[in-house]
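Inspection log for the structure reproduced underneath, given as structure tokens.
Read-outs throughout are calculated quantities, based only on the coordinates presented, and are distinct from any laboratory measurement. Being a predicted model, the structure only gives us computed values, none of them experimental. Cβ sites come from the backbone with ideal geometry, for glycine too, and all protein chains shown count toward neighbours.
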Amino acid sequence: MDYSQFLMMPQEIGLLLVFLLVFVYDTFMPQRSQDKLPLFTAILFALYAIYSFVPGQMGQAFGGMFEANPATWVMKNILNLGVLLVILQAVKWSNEDHVAIRRGEFYELLLLTLLGMFLMISARHFLLFVIGLETASLPIAALAAFEKRYYESREAAAKYIFTAVFSSAIFMLGISFVYGISGSLYFTDIATSIIGHKSALLIAAVAFVIAGVGFKLSLVPFHLWTADVYQGAPTAVTSYLSVISKGAAAFSFLVILTQVFGSAYAQVWEWMLYALIILTITLGNLFAIRQRNLKRFLAFSSISQAGYIMLGIIAVNTTGLASMMYYILVYIFSNLAAFGVIGVIERATGKVSMDDYNGLFRTNPWLAFTMMLAMFSLGGIPPFAGFFSKFFIFVGACQQGSVAIYVLVLIALVNTIISLYYYLLVVKAMFLRQDDCSVPYIDSHWTEEIGLTVCVMGIIALGLASGVYTRLSDIADSVTGIFALI
Amino acid sequence: MNLTLLMYLIPSLIMFGCGVYGFITRKNMIAIMISLELMLNSVDINFVVFNRYLFPGQMDGMFFTLFAIAIAAAETALALAIVINVYRAAKNVDIEQIRKLKF
């Protein structure tokens with residue numbers, strides 16, 4: 001065996017090393033230094049995240065099962081950044097008495113799911129992809145059950161594990177049909193053998209695969225677990241689930257749809273995705289309006305954001321890919337800012353209802369300011385990054401050129417305006433309802449402050465600096481091979 | 001498609017359908033896990049049958065089945081742990097116990 005192939009996976013190996021060091025620290029360090037474990041993890045992960053910016057060797061490893069190209073490299077770095085923010089925001093929470101005894105497991109499972117997502121992103125063989133998918137989704141069920149004090153947490157874990165297993169069974173049934181058609185599990189082999197292939201079996205296979213990944217992405221007919229799990233799980237896990245998990249699933253969804261089923265784009269999956277996007281954006285928005293619990297509210301908001309991310313996939317061009325990666329980057333900053341504020345307030349007071357945020361500006365001006373920026377960015381108000389990410393994703397979709405896509409973009413645009421209503425409800429509660437402030441002044445931990453500051457800087461800087469999108473666009477242009485089959 | 005292939009495929013798909021039906025209708029969480037297991041196992045049968053009858057030259061389907069069995073075992077172990085976790089709080093495994101979170 002040629003061991004130089006491992007040079008193509010520096011990010012995976014580095015992550016595994018971080019995991020092992022955290023595991024060794026958790027197992028062998030004396031009790032008195034255990035409360036330094038979260039900080040140790042954060043620093044180690046920060047070093048690793050900087051190291052992984054060095055591009056490794058690009059190419060295919062293990063007989064074509066694993067591929068490293070500039071797009072997977074930048075996607076993994078985006079996810080690293082998000083996980084670093086999640087870890088920073090969880091440091092204080094994981095040192096509280098009721099979770100402290102299990103805090104090592106929290107970070108270990110978090111890092112392992114990230115490894116699974118990296119495998120999903122780089123996999124070019126369905127066996128590796130399924131292993132990555134399961135590694136990425138199973139530990140999250142254990143993480144969702146982390147708050148043993150609350151019954152909701154147990155319930156969220158049960159709902160998550162049942163739907164996750166159900167969806168992966170459907171996904172694997174789809175793959176078995178694909179295997180029956182083509183006789184291979186390599187993406188490239190399948191793609192060449194289904195060119196010109198028209199059968200009900202292929203349509204069923206594509207539908208099952210879309211349904212299976214759609215569960216992970218919480219697209220609308222498959223979204224019913226989302227709000228319950230987001231509400232019940234601890235806030236750190238919810239923020240991880242809503243941005244990192246969704247970003248990785250979206251990228252690998254694009255790779256599967258274009259590199260495996262690319263030749264069936266116009267006949268088979270363009271229309272499936274078309275219907276899913278309309279349903280996802282519209283229903284996500286409409287259900288978000290009536291939520292009073294902020295975590296549920298952000299769950300439905302993230303369902304509708306997933307619909308916007310799908311616009312980058314249906315575009316099937318390099319602009320779509322670049323704008324999707326940019327969207328995920330911006331979405332990480334905005335959503336983690338929102339969840340960071342919710343996490344701080346929930347940790348200090350246990351309050352997550354929107355009514356508790358009335359007059360938050362009076363007692364906690366900085367938290368309210370951060371939340372306001374996050375809401376503006378999620379809603380897409382111009383100077384902030386969220387506006388540009390939506391703008392680029394619409395441009396990417398429009399470049400596909402057909403009239404149907406223009407109609408789709410118009411529907412998405414109308415939905416953006418609807419979404420402004422409920423995002424601004426939160427801002428209104430914080431700034432205009434000054435009569436009753438139920439949340440006292442909160443002294444947030446310095447790690448939480450760093451996490452929120454990075455998010456705020458990201459929201460503002462990504463809106464002003466055009467260099468980031470240009471760089472992503474160059475990277476997307478260098479991997480045109482992804483769209484060779486369209 | 002030859003007849004022997006269909007003789008295996010149709011029972012396997014019926015098994016998958018039974019799993020979906022059980023998943024939706026059962027009220028007991030252990031029964032739901034059994035239904036999930038039916039679905040996963042029918043996928044395994046699919047892979048083995050396709051490999052044996054359509055592509056006997058390679059072993060891709062067999063290997064996938066081996067890995068799928070291992071993954072299914074991990075899923076079952078974790079699901080069982082979570083069901084026990086619910087049981088400790090609610091003292092039974094009825095699906096009615098996990099309806100506290102809804103709109």
Report task. Enter the mean number of other protein chain beta carbons within 10 Å of the beta carbon of each residue in B:62-72, as an integer. Result -> 4
Query - In sequence order, calculated HN-Hα J values of the stretch A:266-280 (Karplus, 6.51, -1.76, 1.60; Hz; x Gly/Pro) - result: 5, 7, 10, 9, 4, 6, 4, 5, 4, 5, 4, 5, 4, 4, 4
Requested in this report: Take each of the peptides A:206-216, A:431-441, average the number of other beta-carbon atoms within 10 Å over its residues, and list them starting from the highest.
Outcome: A:206-216, A:431-441
Query raised in the report: Tell me, what ³J(HN,Hα) does each residue in the stretch B:36-41 have, in order and in whole Hz, if you take phi through Karplus 6.51 cos²θ - 1.76 cosθ + 1.60 with θ = phi - 60° and put x for Gly and Pro?
Result: 4, 5, 4, 4, 5, 5
Query raised in the report: Can you tell me the Rg and the Dmax, both Å, for the Cα atoms in the stretch B:3-98?
Result: 16.3, 52
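Rounded to the nearest 0.05, what FRET efficiency is calculated for A:Asp97 and B:Ala73 with R0 set to 51 Å and r the Cβ-Cβ distance? List each step's numbers first, then the result.
Numbers: r = 35 Å, r/R0 = 0.68.
In this case the efficiency is close to 0.90.
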Report summary line: Scoring only Lys, Arg, Asp and Glu (+1, +1, -1, -1) among other residues with Cβ under 12 Å from the Cβ of A:Ser252 yields +3
Report task. Would you mind putting A:1-9, A:370-378 in packing order, based on average other-beta-carbon counts within 10 Å, highest first? Result -> A:370-378, A:1-9
**Report entry** Residues whose placed amide H lies under 5 Å from that of A:Phe66, excluding near-sequence neighbours
**Finding:** A:Ala61, A:Arg124
Query raised in the report: From the phi of every residue in the stretch A:312-324, what ³J(HN,Hα) in whole Hz does the Karplus formula 6.51 cos²θ - 1.76 cosθ + 1.60 yield, where θ is phi - 60° and glycine or proline is x?
Result: x, 7, 5, 5, 6, 9, 5, 4, x, 5, 5, 6, 5
Query raised in the report: Can you give the Rg and Dmax of the stretch A:3-483 based on its C-alpha atoms, in angstrom?
Result: 21.4, 68
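Partner chain Cβ atoms within 10 Å, averaged over the residues of B:47-56 - can you pull that number for me?
What the average comes to for B:47-56 is 3.
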Report summary line: the stretch A:197-297: spread of alpha-carbon positions along the three principal axes, whole Å, largest first, is 48, 24, 17
Report summary line: Residue separation between B:Arg52 and B:Leu80 times 0.36 nm, minus their alpha-carbon distance, gives in nm 6.8 nm
Report summary line: Going through A:Lys159/B:Lys27; A:Lys246/A:Lys351; A:Lys295/A:Lys390; B:Lys27/B:Lys102; A:Lys148/B:Lys27 one by one, the pairs whose alpha carbons sit over 19 Å apart turn out to be A:Lys246/A:Lys351; A:Lys295/A:Lys390; A:Lys148/B:Lys27
Report summary line: Across B:91-101, the residue-averaged tally of Cβ atoms belonging to other chains within 10 Å stands at 4
Query raised in the report: With Cβ to Cβ distances under 13 Å as the rule, what net charge do the other residues near A:Ser94 carry (K, R +1; D, E -1)?
Result: -3
**Report entry** Label-to-label distance, nm, for residues given as B:Met15 and A:Leu424 (7 Å Cα→Cβ offset)
**Finding:** 5.7
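Quick one: which of A:458-471, A:60-73, A:80-93 comes out on top by average Cβ neighbours within 10 Å, and what's the full order, highest first?
A:80-93, A:60-73, A:458-471
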Query raised in the report: So which trypsin sites (Lys or Arg not before Pro) in the stretch A:237-311 pass both tests, a DSSP loop state and at most 15 other Cβ atoms within 10 Å of the Cβ?
Result: A:Arg290, A:Arg292
Query - Prolate/oblate/rounded call for the stretch A:423-475, Cα gyration tensor, a/c under 1.5 rounded - result: oblate
Query raised in the report: Based on the alpha carbon coordinates of the stretch A:328-486, what radius of gyration and maximum Cα-Cα distance (Dmax) apply, in Å?
Result: 18.4, 60
